[in-house]
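Just dropping this structure here.
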Amino acid sequence: MRYYLLLTFLLITSLSIAQIDLNYYLPDVKYNEDITRPEQFFGHQVGEWHLSHDKLYMYMQRLAEQSPRMHYIEYARSYEERPLSYLLISSEKNLERIDAIKEEHVALCNPSLAADLNTSKMPVVVYQGYSIHGNEASGGNAAALVAYYLAAAKGRDIDRLLDNAVILLDPCFNPDGFHRFSTWANMHKNKHLTSDPQDREYDEEWPRGRTNHYWFDLNRDWLPIQHPESRGRIRVFHEWKPNILTDHHEMGSNSTFFFQPGVPQRTNPITPPKNQELTGKIGEFHAAALDEIGSLYFSKERYDDFYYGKGSTYPDANGGIGILFEQASSRGHLQETDNGKLSFPFTIRNQVVTSFSTQEAAIALREDLLNYQRDFYQSAMNEARRAPVKGYVFAEPNDKGKLQEFLKLLLQHKVEVHKNNATINANGKQFKANNSYIVPTNQAQYRLIRGMFETSTSFQDSLFYDVSTWTLPLAFNLQYAAVKGNINLGEKVTIEATRTQGIAPDFSEYAYLMEWKEYYAPTALNRILQQDLRAKVATQAFEINGKGFKEGTIMIPVQNQPFNANAMYNLMQQLAKETGVAIYDMDSGLSPVGIDLGSSDFVPLQQPKVLLLVGDGVTSYDAGEVWHQLDQRYEIPVSMIETTELSNANLDRYNVIIMPNGSYNRISAPAIQEMKEWVLAGGTIIGIKNAIGWLKDKNLASVEYKASPRRNSSVRRPYNKRGGDSGSYVIGGAIFEIAIDQTHPLFYGYEQNTMPIFRRGTLFLQPAKNPYATPAVYTANPLLSGYIKPANTNAIKNSASIVVSGKGRGKVICMADNPNFRAFWFGTNKIFANAVFFGNIISNGAVNR
């Protein structure tokens with residue numbers, strides 16, 4: 001029988017896709033003829049063409065209009081204003097009382113209510129999500145078929161499913177990327193399909209369709225929630241608290257099909273063992289379903305359940321079971337692979353089949369899943385009561401904007417936060433009453449809190465599918481500590497209470513001073529400069545009107561400006577209100593301590609005119625992080641030019657060129673010469689990570705590398721250890737400590753001498769020969785959290801994090817680390833902002849040549 005099915009599969013992959021009908025995908029049952037079939041709505045069978053997002057969501061709307069089993073719910077909009085939505089699916093009788101079902105289900109996650117609930121009759125909640133990577137399109141296309149089956153199928157099986165389950169079917173987690181990829185695949189499709197993997201259909205143009213509008217991987221954003229797609233999804237997640245969440249992906253074309261569990265020893269240790277036990281039981285249903293249609297698969301290898309910021313792992317910290325599916329990708333319509341010709345319909349069918357096997361498992365294990373969910377939160381509370389740590393206290397007295405973003409993140413994950421009512425001394429720090437916050441561990445989200453706040457430097461395995469650490473207060477560069485004694489909780493914090501305003505000035509006809517401490521100070525400064533107003537930055541500290549002002553303070557004179565005094569005052573009031581900055585009115589320029597306001601140590605600033613280099617070779621994630629930071633947070637327009645087109649550009653339009661991590665070998669010789677002349681004339685280049693190597697090779701930057709450690713190849717090792725041995729040298733994502741020079745323009749606004757920084761990769765820089773050109777170095781014992789091989793520790797300690805080079809009047813700022821990582825490393829964002837705004841004011845005597 002299985003031989004016959006496998007032979008059938010091989011024959012189908014060689015048939016014309018247009019010959020495939022609905023029976024290829026769906027169970028052979030009767031269907032309600034009043035429900036529109038997919039091919040009737042789209043004008044073609046699913047798999048013949050790639051569905052665009054607009055077709056997909058409109059079909060979801062049509063099904064909800066026609067079927068009493070479904071409600072269509074829009075929960076967010078993407079950056080490109082595409083709707084994110086899900087179908088709420090259950091039996092008619094369940095939908096009539098759906099609010100009561102939801103309330104009872106969510107109560108399972110409340111230990112004070114859960115004990116009295118009877119799970120024997122309670123529906124299981126399954127959240128099925130597709131194509132969070134837009135060019136992994138088989139999932140989103142499968143969603144249309146799964147939705148049709150749930151809307152139209154008849155018989156005992158579908159009745160049993162709908163009576164015992166509530167299904168949230170989210171057809172596309174990433175509308176913008178999905179739409180982008182569908183356009184590419186369809187515009188290159190042949191009438192007579194080519195399976196040649198070298199064909200342009202299978203080689204997308206940069207930045208490709210995997211990511212969202214700003215080129216972010218949304219499957220790394222479940223915990224950081226920095227994008228509208230993720231914020232909406234997490235809101236739905238906590239509204240329903242699903243027992244199972246599935247995340248349908250694709251992988252390399254020469255693979256087969258993966259379902260979880262992942263690598264056992266790489267499961268996050270916070271996750272209860274029962275989670276993996278249930279994951280394994282659910283996996284048995286997937287195996288049986290794939291066996292039935294003759295599809296090859298694997299499990300318990302390659303992928304893991306460690307980082308809580310992925311869709312298949314976030315549920316593990318929230319009382320559910322996350323399931324990752326990875327289907328070998330056709331990346332178009334038909335492609336030759338190691339396993340034969342792989343057709344788009346075949347990839348879709350595997351996603352459909354495992355969607356159904358998930359539903360089957362959910363019904364079979366319904367009470368186990370519901371009881372596990374209840375026990376998850378009850379045992380979490382018990383663990384919290386036994387644990388020595390009773391809470392995490394944190395503070396940020398100098399940056400309300402950054403603190404507000406952190407509080408919002410916690411609250412969106414349903415973490416309870418309180419104001420701190422008593423001064424706490426912990427870990428060598430003092431946290432003052434009413435000026436700090438505390439997260440008590442004795443709450444339902446205890447395990448997620450541990451995943452957010454704990455640090456770790458000891459691991460069972462040296463390999464990680466993603467980052468090895470993500471400690472959130474370190475990412476935000478907050479003062480924080482674990483509290484082991486009694487805690488005194490104050491008022492509970494709400495989203496509304498996190499909103500803060502800055503310090504607004506009184507009217508002045510002389511000048512205003514704006515402190516640079518606040519996270520959104522760069523936004524305020526950019527708004528000022530966009531109005532063609534003159535602004536200067538203090539390069540020395542001073543005191544005026546009894547208040548001290550540090551380097552980085554912005555001075556905006558009132559006289560000889562395009563605005564009159566009243567308009568200037570109104571603008572300062574608006575900036576303080578909208579960006580949270582502190583602005584002070586000055587009636588005199590005389591300072592009793594330090595520089596006067598008319599001193600030449602106040603240096604004029606230019607409005608940033610930014611060129612971001614993009615295109616093949618440039619890492620799209622890193623480029624997108626730059627674009628997002630400048631566009632969304634600092635409100636700075638960004639010009640983007642592909643490296644191959646740089647020779648045709650007029651560089652005089654820009655004063656800052658940003659080169660994200662990547663390879664720049666496609667830049668032509670004439671363009672390189674133009675860049676050199678542009679730097680000599682006073683331009684600023686910001687080179688990040690591997691861009692530094694290109695800048696060094698082209699004599700644009702004067703930097704030296706420290707050698708990366710290598711394994712002693714003369715020592716014999718087992719052949720099957722080669723992958724792990726090599727991978728153990730990778731720094732896939734860890735947090736380190738750097739020592740900084742607060743008086744340097746790149747660190748204006750920072751209040752401590754050391755700070756955390758995120759590191760990926762093994763690029764190690766030597767400190768510059770010029771003693772003023774290395775404003776940040778790794779400390780002697782730099783590891784704060786995460787995995788690093790001891791040999792790499794020796795290489796990274798005392799190495800340079802930033803080296804400032806120079807040519808002529810220009811500056812080339814070399815950053816060994818990405819200051820904008822995944823948009824949630826708020827703590828290092830200001831380094832990047834300072835490079836953009838203040839790079840050109842760095843003294844020519846303080847650069848490496």
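The values are calculated or read from the model by the stated rules, or taken from the named source; none is laboratory data. In this text the structure is predicted, and so the values were computed from the model without any measurement. Because the Cβ atoms are built from the backbone with ideal geometry, glycine has one as well, and the counts that use them run over all protein chains shown. Just so you know, the surface numbers come from the protein's heavy atoms only, side chains and all, with ligands and any DNA or RNA stripped out. Shrake-Rupley method; radii C 1.70, N 1.55, O 1.52, S 1.80 Å.
List, please: which pairs have Cβ atoms under 7 Å, are six or more places apart or on different chains, and start with a residue in the range 139-166 that is within 11 Å of residue 26 (Cα to Cα) and end with one that is open to solvent by 10 Å² or more (accessible area, probe 1.4 Å) and part of a strand (DSSP E or B)?
153/31
Those residues that are hydroxyl-bearing (Ser, Thr, Tyr) and in contact with a Gly (Cβ under 9 Å, 6 or more places away or on another chain), I need them from the range 561-598; list them, please.
579
Of everything in the range 562-571, what is assigned to a loop (DSSP other than H, G, I, E, B) and either within 16 Å of residue 506 (Cα to Cα) or open to solvent by less than 50 Å² (accessible area, probe 1.4 Å) (or both)? Give them in sequence order.
564
Next question. Residue by residue through the range 684-706, note down the ones that are touching a helix residue (DSSP H, G or I) at 6+ places or on another chain (Cβ under 7 Å) and assigned to a loop (DSSP other than H, G, I, E, B). Walk me through how you get there before you give the answer.
Residues of the range 684-706 touching a helix residue (DSSP H, G or I) at 6+ places or on another chain (Cβ under 7 Å): 684-688, 698, 700-701, 703, 706.
Passing the criteria: 698, 700, 701, 703.
Can you confirm whether residue 716 is farther than 24 Å from residue 842 by Cβ, at pLDDT below 95 and outside any helix (DSSP H, G or I)? Talk me through it step by step, then tell me what you get.
Values: farther than 24 Å from residue 842 by Cβ: yes; at pLDDT below 95: yes; outside any helix (DSSP H, G or I): yes.
For residue 716, the condition - farther than 24 Å from residue 842 by Cβ, at pLDDT below 95 and outside any helix (DSSP H, G or I) - is met.
Anything in the range 95-116 that is outside any helix (DSSP H, G or I) and either crowded, with 17+ Cβ neighbours inside 10 Å or of a type in the set (Phe, Trp, Tyr) (or both)? List them, or say none.
108, 109
Okay, next question. Please note which strands (runs of 3 or more DSSP E) are completely contained in the range 326-433 and include at least 2 residues that are in contact with a helix residue (DSSP H, G or I) (Cβ under 6 Å, 6 or more places away or on another chain).
340-343, 391-395
Is it true that residue 179 is surrounded by 17 or more Cβ atoms within 10 Å (Cβ to Cβ), touching a residue at least 24 places away in the same chain (Cβ under 8 Å) and within 21 Å of residue 62 (Cβ to Cβ)?
When the stated conditions are applied, residue 179 passes them.
Okay, next question. Tell me the residue from 807, 797 that is touching a residue at least 24 places away in the same chain (Cβ under 8 Å), among the basic types (Lys, Arg) and either open to solvent by 10 Å² or more (accessible area, probe 1.4 Å) or under 18 Å from residue 750 (Cβ atoms) (or both), please.
One residue alone meets the criteria, 807.
Residues of the range 644-671 being under 29 Å from residue 224 (Cβ atoms) and of a type outside the set (Phe, Trp, Tyr), which ones?
Within the range 644-671, 656, 657, 658, 659, 660, 661, 662, 663 qualify.
May I ask you to verify whether residue 200 is open to solvent by 10 Å² or more (accessible area, probe 1.4 Å), in contact (Cβ under 8 Å) with a residue 40 or more places away in the chain and under 20 Å from residue 49 (Cα atoms)?
Judged against the criteria, residue 200 is not a match.
Run down 574, 673, 559, 629 and say which single residue is modelled with pLDDT of 95 or more, open to solvent by 30 Å² or more (accessible area, probe 1.4 Å), more than 24 Å from residue 504 (Cα to Cα) and not hydrophobic (A, V, I, L, M, F, W, C).
Going through 574, 673, 559, 629 in turn, just one is modelled with pLDDT of 95 or more, open to solvent by 30 Å² or more (accessible area, probe 1.4 Å), more than 24 Å from residue 504 (Cα to Cα) and not hydrophobic (A, V, I, L, M, F, W, C): 673.
Here is a further query. Given the options 460, 501, 540, 530, name the one that is open to solvent by 40 Å² or more (accessible area, probe 1.4 Å), modelled with pLDDT of 95 or more and within 32 Å of the chain's Cα centre (by Cα).
530
For the subset of the range 13-29 comprising residues that are of a type in the set (A, V, I, L, M), at pLDDT 65 or above and not in a helix (DSSP H, G or I), which member is farthest from residue 345 (Cα to Cα)?
The extreme case among them is 29.
Continuing with the same structure: Among (1) polar (S, T, N, Q); (2) over 25 Å from the mean Cα position of the chain (by Cα); (3) modelled with pLDDT of 95 or more, where does residue 471 come up short?
(2)
Still on this model: I'm told residue 595 meets every condition in (1) open to solvent by less than 10 Å² (accessible area, probe 1.4 Å); (2) at negative phi except one. Can you identify the failing condition by its number?
(1)
Please state which one of 127, 57 is open to solvent by 20 Å² or more (accessible area, probe 1.4 Å) and under 27 Å from the mean Cα position of the chain (by Cα).
The conditions single out 57.
Let me ask something additional. Tally time: how many residues in the range 181-218 are part of a loop (DSSP other than H, G, I, E, B), under 31 Å from the mean Cα position of the chain (by Cα) and of a type in the set (Ser, Thr, Tyr)?
2
Determine the pairs where a residue that is under 14 Å from residue 672 (Cα atoms), located within the range 642-655, has a partner that is of a type in the set (Asp, Glu) and in a helix (DSSP H, G or I) with Cβ atoms under 6 Å apart, the partner being 6 or more residues away or on another chain.
Pairs that qualify, where the first residue is under 14 Å from residue 672 (Cα atoms) and the partner is of a type in the set (Asp, Glu) and in a helix (DSSP H, G or I), are 651/674.
Turning to a different aspect of this structure: Is it true that some residue in the range 286-294 is over 22 Å from residue 241 (Cβ atoms), in a loop (DSSP other than H, G, I, E, B) and not hydroxyl-bearing (Ser, Thr, Tyr)?
Yes, some residue in the range 286-294 is over 22 Å from residue 241 (Cβ atoms), in a loop (DSSP other than H, G, I, E, B) and not hydroxyl-bearing (Ser, Thr, Tyr).
Taking the range 644-670 as the search range and keeping residues that are within 21 Å of residue 621 (Cβ to Cβ) and among the polar types (S, T, N, Q), which one is least open to solvent (accessible area, probe 1.4 Å)?
Only one residue tops the list, namely 661.
Tell me, please, whether a residue that is open to solvent by 10 Å² or more (accessible area, probe 1.4 Å) and under 18 Å from residue 625 (Cβ atoms) can be found in the range 840-848. It would help to see each step written out before you state the result.
Of all residues in the range 840-848, those open to solvent by 10 Å² or more (accessible area, probe 1.4 Å) come to 840-841, 843-846, 848.
Applying the additional criterion that residues be under 18 Å from residue 625 (Cβ atoms) yields none.
No.
Table: residues versus (1) of a type outside the set (A, V, I, L, M); (2) assigned to a helix (DSSP H, G or I); (3) buried (at least 17 other Cβ atoms within 10 Å of the Cβ).
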| position | (1), (2), (3) |
| --- | --- |
| 735 | no, no, yes |
| 750 | yes, no, yes |
| 756 | yes, no, yes |
| 769 | yes, no, no |
| 773 | no, no, yes |
| 778 | yes, no, yes |
| 783 | no, no, yes |
| 788 | no, no, yes |
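Out of all the residues in the range 220-232, which are open to solvent by less than 10 Å² (accessible area, probe 1.4 Å), more than 13 Å from residue 73 (Cα to Cα) and outside any loop (DSSP other than H, G, I, E, B)?
Those that are open to solvent by less than 10 Å² (accessible area, probe 1.4 Å), more than 13 Å from residue 73 (Cα to Cα) and outside any loop (DSSP other than H, G, I, E, B): 229, 230.
Next up: Scan the range 474-492 residue by residue and report those that are among the aromatic types (Phe, Trp, Tyr) and either at pLDDT below 80 or part of a loop (DSSP other than H, G, I, E, B) (or both).
The one that is among the aromatic types (Phe, Trp, Tyr) and either at pLDDT below 80 or part of a loop (DSSP other than H, G, I, E, B) (or both): 476.
Restricting the search to the range 233-267, which residues are surrounded by 22 or more Cβ atoms within 10 Å (Cβ to Cβ) and among the small types (Gly, Ala, Ser)?
262
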